[in-house]
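The values are calculated or read from the model by the stated rules, or taken from the named source; none is laboratory data. From a predicted model like this one, the values you see are computed outputs, not experimental measurements. Positions of Cβ are generated from backbone atoms using ideal geometry, with glycine treated the same way; all protein chains shown enter the neighbour counts. With ligands, DNA and RNA removed, areas are computed over all heavy atoms of the protein, side chains included. Shrake-Rupley method; radii C 1.70, N 1.55, O 1.52, S 1.80 Å.
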Amino acid sequence: MTGRIGLRFMKECLNQKLKSIAAPIATTRHYTSSSSSSTVKPNPPHSSRKGRLLTGTTIGLVIAGGAYASTVDEATFGGWLFNATKVVNPLFALLDPEVAHRLAVSAAARGWVPREKRPDHQILGLEVWGRRFSNPIGLSAGFDKNAEAVEGLLGLGFGFVEVGSVTPIPQEGNPKPRMFRLRDQGAIINRCGFNSEGIVAVAKRLGAQHGKRKLDETSSTSISSNDDVKHGGKAGPGILGVNIGKNKSSEDAAADYVQGVHTLSQYADYLVINISSPNTPGLRQLQGRKQLKDLVKKVQAARDEMQWGEEGPPPLLVKIAPDLSKQDLEDIAAVALALRLDGLIISNTTISRPEVVQSNPVSKETGGLSGKPLFTLSTNILKDMYILTKGKIPLIGCGGVSSGEDAYKKIRAGATLVQLYTAFAYGGPALIPQIKAELAQCLERDGFKSVYEAVGADCR
């Protein structure tokens, strides 16, 4: 049975790839016939050669995978698919960063990515906000900005996926090019500026996904659990976060966030107010004590005035920058405790340029730096905030995570959950099971029986 399913999957992928190849070939033939009077035929563009290389490699893996699928069980075959992405993923580096990103999102949206069938290690499971996470490793906002690929991304084995940032009105963001790789340093600089299709488009997608899941639940014959802890989230087996931003032209930031809450919160397992992107003018000023307090109060009121069932409203988090003074951190912690904020994400990208990247000419580009060079800075801020909030507020550690050891260090510094993005862009799907396995090993190595036991261990 597994073999037939695998072969059918491979055949479908191959058909899809052949269809995608057919269009460029037809275009080329048309161009040649219309230019037959010329004796010099144009060379195919370099990008076309890269595309053929990527296509050829993918088809080769499809054929090989089809043969392998007929001999193994579903979980083993899934593991093979994850390993196979190590061959394809480096080819994305040949493409423009934003083109590669677009292709990756499209692949996940169409289901052209591996699906994790192996259960997570029991030590990685935890409960946060009344919901059960199968593991604490999540994908941060910025990858799936418009909620196009939620099911595919959760299927990769992330414990949770955060979409956005989503703005009320569609906006293009900053001019291109706006994404730059620093390969040697495992980093990226971006100045995208909240490019978003807007809350209406995102709400339609999330609404369709939510309806599909409810239909599946209704038709399911599985026995319901009496456990008060919710298994999975509103998008399916994993937890879905929705990150809300403001429009660049908006003069009323609070109104933008309130509109986002009213439209999108019904589909979210948790909500995030993003006030820390360095690419929207004036946004980081909202991190000031008075500004943050006023904003959070308005957003909480907007959320709480809506009708909620037994589950109650989604938790509300704030995402902060790593470029904050000690006084800034103390102010944010005070507001978070006073208003009983449900969590903080630490941190967004940095406008600083650590010494390790300064020799790279790309480091001169304007924008937020993410990836490995951000790890130390963001982890230090995380540890400070855990101490300031006295461990009373769940923190999500984000910034520079590229291994299970990195995730473990974030947890020991105070993170209950951990997010990554840049390392996923470089390492691809194969990185996810690797990080989870390494994290489980770290916990067991140091004698912890759960993620919770390790949270804040370096702050005690």
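One table, with the values for the structure above:
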{"item": "Options Lys117, Lys145; residue that is within 26 Å of Arg191 (Cα to Cα) and not aliphatic (A, V, I, L, M)", "result": "Lys145"}
{"item": "Cβ pairs under 7 Å, 6+ apart, first in region 417-428 and in contact (Cβ under 8 Å) with a residue 40 or more places away in the chain and open to solvent by 20 Å² or more (accessible area, probe 1.4 Å), second in a strand (DSSP E or B) and of a type in the set (S, T, N, Q)", "result": "Tyr421/Ser370"}
{"item": "Any hit, region 205-213, residues being among the charged types (D, E, K, R), modelled with pLDDT under 95 and more than 16 Å from the chain's Cα centre (by Cα)", "result": "yes"}
{"item": "Pairs, first at positive phi in region 437-457, second at pLDDT below 95 and surrounded by 15 or more Cβ atoms within 10 Å (Cβ to Cβ), C-beta under 8 Å, six or more apart", "result": "none"}
{"item": "Scan of region 389-417 for residues that are of a type outside the set (Asp, Glu), within 27 Å of Trp80 (Cβ to Cβ) and in contact with a Phe, Trp or Tyr (Cβ under 9 Å, 6 or more places away or on another chain), ordered by number", "result": "Val401, Ser402"}
{"item": "Residue within region 258-276 that is part of a loop (DSSP other than H, G, I, E, B), more than 22 Å from Ala201 (Cα to Cα) and open to solvent by 40 Å² or more (accessible area, probe 1.4 Å) present", "result": "no"}
{"item": "Residue count, region 285-299 (criterion: part of a helix (DSSP H, G or I) and surrounded by fewer than 19 Cβ atoms within 10 Å (Cβ to Cβ))", "result": "8"}
{"item": "Search result, residues across region 441-460 that are loosely packed, with under 13 Cβ neighbours inside 10 Å, in a loop (DSSP other than H, G, I, E, B) and touching a helix residue (DSSP H, G or I) at 6+ places or on another chain (Cβ under 8 Å)", "result": "Asp446, Lys449"}
{"item": "Residue list for region 189-215, restricted to those being within 17 Å of Ser265 (Cβ to Cβ), hydrophobic (A, V, I, L, M, F, W, C) and crowded, with 18+ Cβ neighbours inside 10 Å", "result": "Ile199, Val202, Ala203, Leu206"}
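Rundown of residues vs (1) assigned to a loop (DSSP other than H, G, I, E, B); (2) acidic (Asp, Glu); (3) more than 25 Å from Pro313 (Cβ to Cβ); (4) open to solvent by 10 Å² or more (accessible area, probe 1.4 Å), yes/no style:
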| site | (1), (2), (3), (4) |
| --- | --- |
| Lys117 | yes, no, yes, yes |
| Ile123 | no, no, yes, yes |
| Glu127 | no, yes, no, yes |
| Asp144 | yes, yes, no, no |
| Glu148 | yes, yes, yes, yes |
| Leu154 | no, no, no, yes |
| Val163 | no, no, no, no |
| Ile169 | yes, no, no, yes |
| Lys176 | yes, no, yes, yes |
